[in-house]
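Q: Take a look at the following structure, please.
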Amino acid sequence: MARVIAFFSGAHVREAVSPQRAYEAVREAFIAYARGEWSMPPKVYVPAYPAGDFRAMPALGAGHALLKWVTSFPGNPANGLPTVTGLVLLSDASNGTLLAALDAAAVTALRTGAAAVLAADVLGAADARDAAVIGAGVNGEAAARTFGARGRTVSLWDVDESRARSVAERIGAEVAGSRDEALAADLLVTVTPGREVVLGEGSLRPGQHASLMGADGPGKAEIAVAELARVRIFCDDWEQASHNGDLVHAVEAGVLTRDDVSQLGDVLIGTAEGRTSDRDITIFDSTGLAIQDLGIALAAMERADHLDLPTLDL
């Protein structure tokens, strides 16, 4: 008997899942994982350094299993190629049937933007006003779009001013007057290649929040270890972040231990404390979780019957 597999191109993923729906799906995924209802084996890195790496990311939850095979090759845009490519495969967990394949770059962008803004909403000060995104690539644009979907005005800064301006015009955002102006925002998201520190020691002020989305692999960093030592720290998943995120540098230096870091999902379900005062400086270290991809894939499947999707017969 032939099996029909739905294929979601990047355009189909974006059509199926709005930034607001992505936000909701990622929030639901964090909660399900924190409650132990969803599981996620460790992410596997297949290094092809110095050019980049391949990643295999599995997850199980809500009656489905997922595997994302995705790349990160930061130098690709200079050659007219995307940094992130790959596929997300979604299966029925009751019988192993493959149900759909989705463009990994679109799924990654949606969940990255959603996680960044979710953390800012949960951990930011109650009176936070302005938001800024450092890095106007695909994932930075997704974060800015998600801020917009949540009703916040957002400014963009990028080393390539023309790129920041183009993205800002496309999504109705503002362009920050300078890097320092963007870094001063109440709610800050950094989505850089992670090759250099963006937040040095003493750069964050009381009450500020920063979602660090760029240091998602070995050797990358967006924040100085000395700055991590003086702020309140949250992450998406301790095991992953302490081995492949910004946190790994502080752990190796002996500055941080597990007791110093809370997971965002635990804050959402009330088993960990979030911000305690408007003067807290909070950071969220994101390394990207397969459970987030699963949340986006399931949200896309909700709209499958409303889209003109190509299919594969197996």
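Any read-out appearing in this document is the output of simple, stated calculations on the displayed coordinates, not a laboratory observation. Only a predicted model underlies this, so the values are computations on that prediction, with no experimental measurement involved. When we count neighbours, we look across all protein chains shown, and the Cβ atoms used for this are built from the backbone with ideal geometry, even at glycine.
Q: Separation between the Phe54 and Asp278 pseudo-spin-labels, each 7 Å from Cα along Cα→Cβ, expressed in nm?
A: 5.2
Q: Okay, moving on. Tell me the angle of helix 19-34 to the major Cα principal axis of the chain, expressed in degrees between 0 and 90 and rounded to the nearest ten.
A: 90
Q: So for the pair Arg179, Asp313, with labels modelled 7 Å out along Cα→Cβ, what separation do we get in nm?
A: 5.6
Q: Can you tell me the order of 107-117, 26-36 when each peptide is scored by its average per-residue count of other Cβ atoms within 10 angstrom, highest first?
A: Numbers: 107-117: 30.0, 26-36: 21.1.
Packing order, densest peptide first, comes out as 107-117, 26-36.
Q: Exactly which trypsin sites (Lys or Arg not before Pro) in the range 217-271 are in a DSSP loop and have at most 14 other Cβ atoms within 10 Å?
A: Numbers: sites: Lys220, Arg230, Arg232, Arg258; in loops: Lys220, Arg230.
Loop-located and lightly packed - Arg230.
Q: Let me ask something else. Mind sorting Met213, Met301, Met40 by how few other Cβ atoms lie within 10 Å of their own Cβ, fewest first? Don't skip to the end; give the middle numbers.
A: Details: Met213 32, Met301 18, Met40 22.
Lowest count first: Met301, Met40, Met213.
Q: Provide the packing ranking of 77-86, 125-134, i.e. peptides ordered by the mean count of other C-beta atoms within 10 Å per residue, highest first.
A: On the way: 77-86: 13.8, 125-134: 20.1.
Peptide ranking by packing, descending: 125-134, 77-86.
Q: Moving on to the next point. Tell me which GluC sites (Glu not before Pro) from the range 141-231 have a DSSP coil assignment and no more than 14 other beta carbons within 10 Å of their own.
A: Values: sites: Glu141, Glu161, Glu169, Glu174, Glu181, Glu196, Glu201, Glu222, Glu227; in loops: Glu196, Glu201, Glu222.
Answer by residue number: Glu196, Glu201.
Q: Could you give the length gained by full extension between Asn76 and Arg195, i.e. 0.36 nm per residue of separation minus their alpha carbon distance, to one decimal place?
A: On the way: separation 119, 0.36 × 119 = 42.84 nm, distance 1.45 nm.
Extra length available between Asn76 and Arg195 comes to 41.4 nm.
Q: Can you find, among Leu247, Ala106, Tyr33, the residue sitting farthest towards the positive end of the charge dipole of the chain, where Lys and Arg contribute +1 and Asp and Glu -1 at Cβ?
A: The residue sitting farthest along the positive end of the dipole is Ala106.
Q: Can you tell me the 0 to 90 degree angle between the C-alpha axis of helix 290-302 and the longest principal axis of the chain, rounded to 10?
A: Helix 290-302 sits at roughly 50 degrees to that axis.
Q: Please give the Cα centre distance for the range 31-75 versus the range 1-28, rounded to the nearest Å.
A: Cα centroid to Cα centroid, the span is 17 Å.
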